[in-house]
Each structure stands twice: as C-alpha cells, then as structure tokens.
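Worksheet: the structure to be examined is printed underneath.
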Amino acid sequence: MKTALPRRSFLTRTLAAGTAAAALPARRVRAVTAGPAPSITVRTLGTGAADHDWKRIGEPGVRGSAATLIDGHVLIDCGTTGYTNLTRFDIPPRALTDLLITHSHGDHFAPDQIFNVLEARGPDLPPLGIWASPQALATLARAQPGRFAAHPLVAGTVFDVGRLHVTALPANHLLPDPSEQALHFLIETPCGTLLYALDGAWLLKQARLLIGKRRLDMIIWDATVAHSGDFRAFEHNDLAMIGLMMASLTTTGAADSRTVCVLDHIARTLWPADPQEAEKLASDRGWTLAADGVPLHLRRAPQQRVPAVMP
Ligand SMILES: [Zn+2]
Ligand SMILES: [Zn+2]
C-alpha cells in the first residue's frame with residue numbers, strides 16, 4: 001500500500017532528490033523497469049447474459065450466468081448456473097469466504113444455487129458472508145435462517161473482505177421490486193483497483209462521485225449488446241456506450257490507456273455467433289472479451305519509467 005506523505009515532507013523529499021540528481025556528473029542514464037507488479041486474480045466464471053440456454057452449459061458458445069471469483073475466495077453473484085460455475089472449474093465451495101450480490105435478477109441471484117454452495121461448504125467453516133441488498137437477504141433468510149452471515153448493502157456502503165476494500169455503487173438497472181437498488185462494486189486492493197460494473201447501463205453520477213479521484217486499473221463492463229440501436233440500452237451497455245464512457249473516464253483521470261477494459265455479460269443473441277468475429281469487436285478497440293473460467297490479473301499499472309544512473 002502506498003503511504004501518504006504529508007505534503008510538506010513530500011515536497012522536501014522531491015526537491016532534495018531533484019537537487020541531488022542535478023549535482024551528479026553527466027553520466028549515461030538508462031531507463032529501467034521493475035518486474036511484473038504483484039497481482040490479484042480476477043476469474044470470470046460465467047460471462048453470459050440471461051439469453052443463454054443453460055441446460056447446455058459447457059457446450060461451445062454457451063456462457064454461464066454472470067459470476068466472478070476474486071482473490072480465490074470472494075465470489076460476485078451466484079445465479080442460475082452459480083454452483084456449476086464453481087464445480088466445472090474445480091473451485092471447491094469451501095474456498096469461498098464471501099459472496100457479493102449485485103442484484104436479484106435470477107441470472108445473478110438464485111437462492112437454490114446459493115444453498116447448494118452453503119451445503120457443500122459444510123458446517124465446520126465460519127458462515128459464508130453474504131453481502132447483498134436487504135431485499136435479497138430477506139429472501140435468503142426466509143428459506144435458510146441462520147445459515148450465513150448477512151451483510152446488507154446500500155449504495156455507498158464501504159466494507160472489507162480479505163484484501164479487498166469495497167464500495168457499493170448504485171447502478172442504472174431496474175428490478176421488479178423498484179425499492180431494490182442494483183449495485184456495482186468499486187474494489188480497491190493492494191495490487192490495483194477494479195470497477196465491477198454489471199448489470200447496468202452507463203455509470204450513474206452518484207457512482208462517478210463515489211469513484212472520485214481513484215484511478216481504475218481494470219473495469220469489467222456490462223457489455224450485453226454489441227451494436228447500438230437496441231432497446232436494452234436503457235439498462236445495459238453496447239460497445240459504443242462503453243467507448244464513450246472510457247473516453248470520459250480518461251478525460252477525467254479515472255482511466256488511461258493502461259486501464260484494462262473487459263467486456264462481460266455477453267448476450268448470445270446480441271453478439272456475433274462466430275467467436276472470432278466477437279473477439280475482433282473487442283480486440284479492435286484494445287479491449288478484452290471475457291470468457292468463462294479464464295483468469296485476469298489485476299495489477300497496478302507500472303509507474304513512469306524510473307531513470308537509473310549507470311556507471
Ligand atoms: Zn444479468
Ligand atoms: Zn440484471
């Protein structure tokens with residue numbers, strides 16, 4: 001973690017370093033870069049929108065329901081294929097300590113799948129921490145009271161799970177119970193900062209304010225729609241919308257050319273069926289198309305190249 005220096009001592013050290021460098025005799029200066037920065041694994045286990053035929057999970061072209069495993073023990077969302085998302089990639093449910101729920105649409109929040117996870121963890125472990133809207137927690141508690149540690153979330157809630165420092169952000173995504181607020185997550189880690197932004201169209205102003213001056217090392221976007229012109233644009237993104245947001249976030253300093261831009265929540269019917277064609281839509285823009293089970297590595301972008309004095 002970076003330790004903040006008081007401004008005065010920061011300036012003093014910076015000026016001192018500048019003076020020392022100026023005093024050095026003219027010698028060859030070489031730019032060196034450190035080895036790869038430490039990283040945290042972000043594994044997208046299910047990357048599909050709700051139009052995939054989940055009876056055929058595992059077949060080519062069938063993406064699982066949205067779920068992402070962070071740092072090996074924090075799962076985001078457990079919907080229709082939630083339990084299978086773990087077992088098909090040999091992730092033992094016992095490895096999970098916490099479950100974060102973005103919203104209670106069935107492809108993100110399926111109580112039967114969550115109960116399968118609780119059952120498979122066994123009774124000897126500390127209860128699974130479940131962080132979700134009060135409405136989702138009430139649904140779970142009615143069926144399985146006392147089986148998990150309930151942590152209600154509203155937009156703006158800040159909490160820690162393991163090495164993750166999480167802020168719940170409001171998302172533009174309407175639910176059947178309009179009193180429930182869909183959430184995105186701003187996840188700060190010792191290795192970099194991740195914005196997990198699905199489901200939802202655009203970024204709400206309140207979310208932008210909660211992100212504040214933080215620089216995002218990775219953004220996982222709701223990319224349900226490939227091409228513009230779809231009516232779902234009022235609650236899911238298309239690629240043009242993501243392009244506009246990346247540009248605005250870059251202008252305001254929250255993102256830059258090193259920010260890893262990941263497309264997730266891919267609709268079967270709103271993306272090309274040909275995997276290479278779909279991949280090209282992402283790679284042409286310098287973005288990453290998420291795939292089930294494929295790990296990503298969240299790491300802080302390298303700082304400016306460090307000049308080193310050579311003998
Ligand atoms: Zn969804
Ligand atoms: Zn949804």
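Contact map, the stretch 227-243: residues that are on the phi > 0 side of the Ramachandran plot paired with residues that are assigned to a loop (DSSP other than H, G, I, E, B) and among the acidic types (D, E), Cβ distance under 9 Å, separation 6+ or inter-chain. Pairs shown: G229/D238. The residues of the stretch 142-176 that are away from ligand 1 (no atom under 16 Å from the Cβ), part of a loop (DSSP other than H, G, I, E, B) and not small (G, A, S), listed by number, are Q144, P145, R147, F148, L153, V154, T157, R163. Restricting the stretch 198-214 to residues that are assigned to a helix (DSSP H, G or I) and more than 15 Å from the chain's Cα centre (by Cα) leaves a set whose member that is nearest to ligand 2 (Cβ to nearest atom) is Q206.
Considering every residue within the stretch 177-190, establish whether at least one is under 16 Å from the mean Cα position of the chain (by Cα) and farther than 27 Å from I266 by Cα.
Yes.
Criterion applied to D112, D71 was being surrounded by 17 or more Cβ atoms within 10 Å (Cβ to Cβ) and charged (D, E, K, R), and the one residue passing it is D71. Just so you know, in the stretch 227-261 the residues that are within 16 Å of ligand 1 (Cβ to nearest atom) and part of a loop (DSSP other than H, G, I, E, B) include one that is surrounded by the fewest Cβ atoms within 10 Å (Cβ to Cβ), and it is D230. In the set (1) buried (at least 16 other Cβ atoms within 10 Å of the Cβ); (2) over 12 Å from the mean Cα position of the chain (by Cα); (3) modelled with pLDDT of 95 or more; (4) not acidic (D, E), R147 fails one condition alone, (3). Looking across H173, H165, one residue alone is closer than 22 Å to D264 by Cβ, modelled with pLDDT of 95 or more and out of contact with any His (no Cβ under 9 Å at 6 or more places or on another chain). It is H165. The set of residues in the stretch 156-184 that are within 24 Å of R214 (Cβ to Cβ), within 16 Å of ligand 2 (Cβ to nearest atom) and in contact (Cβ under 8 Å) with a residue 40 or more places away in the chain comprises L169, A171, N172, H173, Q181, A182, L183, H184. Mind listing just one residue for me: the one in the stretch 36-59 that is in contact with a Pro (Cβ under 9 Å, 6 or more places away or on another chain), surrounded by 18 or more Cβ atoms within 10 Å (Cβ to Cβ) and aliphatic (A, V, I, L, M) and, of those, farthest from R232 (Cα to Cα)? Filtering the stretch 36-59 for residues that are in contact with a Pro (Cβ under 9 Å, 6 or more places away or on another chain), surrounded by 18 or more Cβ atoms within 10 Å (Cβ to Cβ) and aliphatic (A, V, I, L, M), the one farthest from R232 (Cα to Cα) comes out as I40.
For the stretch 48-63, filtering for residues that are under 14 Å from G82 (Cβ atoms), of a type in the set (K, R) and away from ligand 1 (no atom under 15 Å from the Cβ) leaves 0.
The values are calculated or read from the model by the stated rules, or taken from the named source; none is laboratory data. As the structure is a prediction and not an experimental result, all values here were calculated from the model. Every residue, glycine as well, gets a Cβ built from its backbone with ideal geometry; the counts of neighbours run over all protein chains shown.
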